[in-house]
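First up is the structure itself, then whatever we jot down about it.
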Ligand SMILES: NC(=O)c1ccc[n+]([C@@H]2O[C@H](COP(=O)([O-])OP(=O)(O)OC[C@H]3O[C@@H](n4cnc5c(N)ncnc54)[C@H](O)[C@@H]3O)[C@@H](O)[C@H]2O)c1
Ligand SMILES: [Zn+2]
Ligand SMILES: [Zn+2]
């Protein structure tokens, strides 16, 4: 089968790989129909993810059709249309029993990292019963591809951890796919203000069209003063970090109101200062999380019933055979205006 293979720092290539087979009783083999590229795949290519070794098929998002199942799979059968979660979970180990699937002792974020992933014609999915989700009959798959990772990430790590409330104030730093997913799902709770902050004018434009009440270009300076002015000098109840660099976490520390929450989503590759000399008396909560995808069933219902629509996040479409060009488009987002690309097999 055709697959996109990581070849070590900075390198990847389309390659012919053996078709995956069932190894454990609880495995499924899924024929991938749609997949996408994540910012995390670019982190891997940059050599920031040592657990992902050369030779690995990349990709941790997608939809497909079940091709084969092991004898221990009870919920799925060949021919079933499924969504593949970016998090594999056994459902039985102590972290899974706490709903913390991201730390499953035999799963977690392994697809396209520790085991071969979804940017291929077929993918091997361990713990299939608890890692696949049945797609509603007759629906367009594309919006559901946004549920493998980005919508649950924005919702769980940003909105739920950030305790967004009706009438509350929210600032989201980073208007990439993840920040925009947090913006879409924050609106379940009817906050009074959602301020989106980025340096990319086009992404801020998209944020406005998706419900941001204010968009602030942090490249222009004066970001903290602008947000404080919107909140009568208090700061925001929820500050969501959706970039993953020290400057944006520090910005959240400056934006959060007394009693508020900083919800970190960004993957940080370097040390970040925590300004307790100022925040110690502010009654703030700081949260971190690797997405668990526990909210997936709920978000699937919300997408199916059009209570949230992630389709505006899809900007480009390619055939799987064009995946190298798709990576180039995704990587050059400043010029191509790419958010999420869909690859069809
Ligand atoms: N916690 C998790 O489970 C989890 C899951 C998926 C992704 N992530 C992480 O979430 C983060 C966001 O992902 P994404 O795919 O949206 O990334 P992205 O790179 O597409 O978006 C980041 C945005 O931040 C903006 N930005 C960069 N520097 C800035 C600055 N100084 N001030 C303001 N804006 C700035 C960029 O213009 C861009 O729009 C990444 O760090 C990613 O690795 C975390
Ligand atoms: Zn991802
Ligand atoms: Zn587990």
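A few points about this structure:
- Cross-chain or 6+ apart pairs with Cβ under 7 Å, region 196-216 first and on the phi > 0 side of the Ramachandran plot, then part of a helix (DSSP H, G or I) and surrounded by 14 or more Cβ atoms within 10 Å (Cβ to Cβ): 211/183; 211/187
- Taken over region 185-221, the criterion of being surrounded by fewer than 20 Cβ atoms within 10 Å (Cβ to Cβ), more than 13 Å from ligand 1 (Cβ to nearest atom) and within 26 Å of residue 258 (Cβ to Cβ) is satisfied by 187, 188, 189, 190, 192, 193, 213, 214.
- Only one entry of 107, 99, 158 meets the criterion of being farther than 25 Å from residue 344 by Cα, within 16 Å of ligand 1 (Cβ to nearest atom) and surrounded by fewer than 21 Cβ atoms within 10 Å (Cβ to Cβ), and that entry is 99.
- Of all residues in region 90-140, those being within 21 Å of residue 56 (Cβ to Cβ), part of a strand (DSSP E or B) and either in contact with a helix residue (DSSP H, G or I) (Cβ under 6 Å, 6 or more places away or on another chain) or away from ligand 3 (no atom under 16 Å from the Cβ) (or both) number 6.
- Among (1) surrounded by 15 or more Cβ atoms within 10 Å (Cβ to Cβ); (2) closer than 21 Å to residue 153 by Cα; (3) touching a residue at least 60 places away in the same chain (Cβ under 8 Å), the one test that residue 307 misses: (1)
- Single match in 72, 47 (criterion: free of Cβ contacts under 8 Å to residues at least 60 places away in the same chain, away from ligand 2 (no atom under 14 Å from the Cβ) and in contact with a helix residue (DSSP H, G or I) (Cβ under 9 Å, 6 or more places away or on another chain)): 72
- Qualifying residue in region 217-236 (condition: in contact (Cβ under 8 Å) with a residue 60 or more places away in the chain and closer than 26 Å to residue 341 by Cα): no
- Residue match in region 223-231 (condition: buried (at least 20 other Cβ atoms within 10 Å of the Cβ), under 23 Å from residue 306 (Cβ atoms) and not assigned by TED's automatic domain parsing to the domain that holds residue 296): no
- Here 60, 48 are screened, and the one residue that is in a loop (DSSP other than H, G, I, E, B), at negative phi and crowded, with 21+ Cβ neighbours inside 10 Å is 60.
- Region 232-276, residues that are within 18 Å of residue 192 (Cα to Cα), outside any strand (DSSP E or B) and within 14 Å of ligand 1 (Cβ to nearest atom): 255
- The residues listed here are 12, 1; of these, the one that is closer than 23 Å to residue 145 by Cα, in contact with a helix residue (DSSP H, G or I) (Cβ under 9 Å, 6 or more places away or on another chain) and surrounded by fewer than 22 Cβ atoms within 10 Å (Cβ to Cβ) is 12.
- Within region 239-258, residues that are more than 12 Å from residue 171 (Cβ to Cβ) have Cβ atoms under 8 Å from residues that are part of a helix (DSSP H, G or I) and away from ligand 3 (no atom under 16 Å from the Cβ) in these pairs: 243/179, counting only partners at least 6 apart in sequence or on another chain.
- All of 314, 323 fail the test of being in the same structural domain as residue 108 (by TED's automatic domain parsing) and either free of Cβ contacts under 8 Å to residues at least 12 places away in the same chain or within 16 Å of residue 150 (Cβ to Cβ) (or both), apart from 314.
The values are calculated or read from the model by the stated rules, or taken from the named source; none is laboratory data. The structure presented is a predicted model; accordingly, all values stated were derived computationally and were not measured. Note that each Cβ is placed from the backbone with ideal geometry, even for glycine, and that neighbours are counted across all protein chains shown.
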